[in-house]
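Below is one structure, written out as structure tokens, with a few remarks after it.
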Amino acid sequence: MDKIVIKGGNPLNGTIPVSGSKNACLPLMTAALLTDQPVTLTNVPNLADMNTMGELLNSLGATVERDADTHRMTLRAERIRTPLAHYDIVRKMRASILVLGPMLARDGAGTVSLPGGCAIGARPVDLHLKGLEAMGAVLDLRDGYVHASVPRSLNGGRLRGVSFRFPVVSVGATENLLMAATLAKGTTRLVNAAQEPEITDLADCLISMGAQIEGAGTSTIEIQGVDALSGTEHAVIADRIELGSFMIAPAITGGDVTITGGKMFLVETLAEALRAADILVEETNAGIRVTRNNGSIKPVSFTTEPFPGFATDLQAQMMALMTIADGVSVIDENIFENRFMHAPELTRMGADIAVDGGRATVTGVSGLRGAPVMATDLRASISLLLAGLAAEGETSVSRVYHLDRGYERVEDKLRACGANIERIKDDA
Ligand code: UD1
């Protein structure tokens, strides 16, 4: 397995381009199942998850043409030949559940393996299922699979529009129901819906395919079902989590970096937190500029929340920064249980972190020391990289396949700004 080795201590200076959003691209790819016409996506990131989703769509009968150099992808689902998302793919990527809403909406049938637990918590899919059930789907959970169908007696096998209130905000369930509702008969109201920019991006794409959607980006989304959707071409929005991770890089090492291709509205809450830590953050014509001139970092306490609150996907990175702040910060993780697995790894590098349930208390230390550490999930892995950039001596991060799920050419991007970082290939 590959490792990333960093010799810490270099300040970062320069520009880093941000890629298209992985979390926006995944549902956009599944939206192609809603039409028999081609859907072309541009600004597609070159990431392992895009390959996995491509493989899944292929297995259902869609074709996926991809040009990594131009970041273009064309998906064609003339028909859904095999409406079955197999366990072998679903276990690799939980977002596979996002094919269920489109399959039910298009053909009134679909079978998807239940994803099971994952490293950062139980992450159930009950809300996806409850919502689809409310729209008239009949579900049968057996052999680790959910077998879903719409009875012929219901609008000839077509989902119905409903008013559905999410008991907790869920990005994935909002996406699944939004897609399902586009082809349902009647009007669907999604209440307490997720407001993440990825939802707005998906809605924009669906609208360009002919869907009738109002309110995406607010907590109530209204969808008037239509009979059919057409193909489209759509540019994937910038990855706000990659953007935020790179904003934290010059904050932790010192230096002056502009991250190009992203917009401030995507990372407003993080920018506020960084400013509270005494880091300079500004939006320029080129992108987001972050500067720290070796001043001390003030401690900042924060709580993860659905958008526009502090993103859980940036919690680990901000914790890495807080390990060298001048005082104590308290971090409350409100979205996922068990999402502090980076804490013991950061502790191996000299950080002082006490975890109690969903709360981590971080007492800043004067500096981190390099150490061999292990990535446990996607966002934990980038936090260890960031810590390694600031640490004295050498840090080697193993299990970087987690990192490769969400960050395109991360070591190249950081090296271009002066980081001493390399990937050691393990061909064994
Ligand atoms: C998405 C993102 C992920 C991010 C998360 C929260 C993608 C591919 N992934 O994940 O990077 O960390 O949003 O911003 O976009 N829940 C239930 N039942 C459900 C669904 C969710 O109880 O049926 C709970 C989850 O366990 C969690 C909370 O709701 O506690 C939020 O999860 P959700 O927003 O659904 O996350 P994902 O869509 O899986």
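Details
- Residues that are of a type outside the set (Gly, Ala, Ser), within 16 Å of the ligand (Cβ to nearest atom), in a helix (DSSP H, G or I) and out of contact with any Phe, Trp or Tyr (no Cβ under 9 Å at 6 or more places or on another chain) within segment 363-415 comprise 379, 402, 403, 404, listed in sequence order.
- Residues (touching an Asp or Glu at 6+ places or on another chain (Cβ under 9 Å) and of a type in the set (Asp, Glu)) located in segment 50-106: 78
- Residue within segment 324-331 that is within 16 Å of the ligand (Cβ to nearest atom) and either of a type outside the set (Phe, Trp, Tyr) or within 25 Å of residue 403 (Cβ to Cβ) (or both) present: yes
- Index of the failed condition, residue 82 passing every other in (1) without any contact (Cβ under 8 Å) to a residue 24 or more places away in the chain; (2) surrounded by 17 or more Cβ atoms within 10 Å (Cβ to Cβ): (2)
- Segment 93-114, subset more than 16 Å from the ligand (Cβ to nearest atom) and assigned to a helix (DSSP H, G or I), residue farthest from residue 175 (Cα to Cα): 107
- Within segment 295-327, being at pLDDT below 95 and in contact with a strand residue (DSSP E or B) (Cβ under 9 Å, 6 or more places away or on another chain) holds for no residue.
- Counting only strands (runs of 3 or more DSSP E) that sit completely within segment 258-361, those holding 2 or more residues that are among the β-branched types (Val, Ile, Thr) and surrounded by fewer than 17 Cβ atoms within 10 Å (Cβ to Cβ) correspond to 328-332.
The values are calculated or read from the model by the stated rules, or taken from the named source; none is laboratory data. Just so it is clear, the structure is predicted and the values come from calculations on it, not from any experiment. Please note: Cβ atoms are built from the backbone with ideal geometry, for glycine as well, and neighbour counts cover all protein chains shown.
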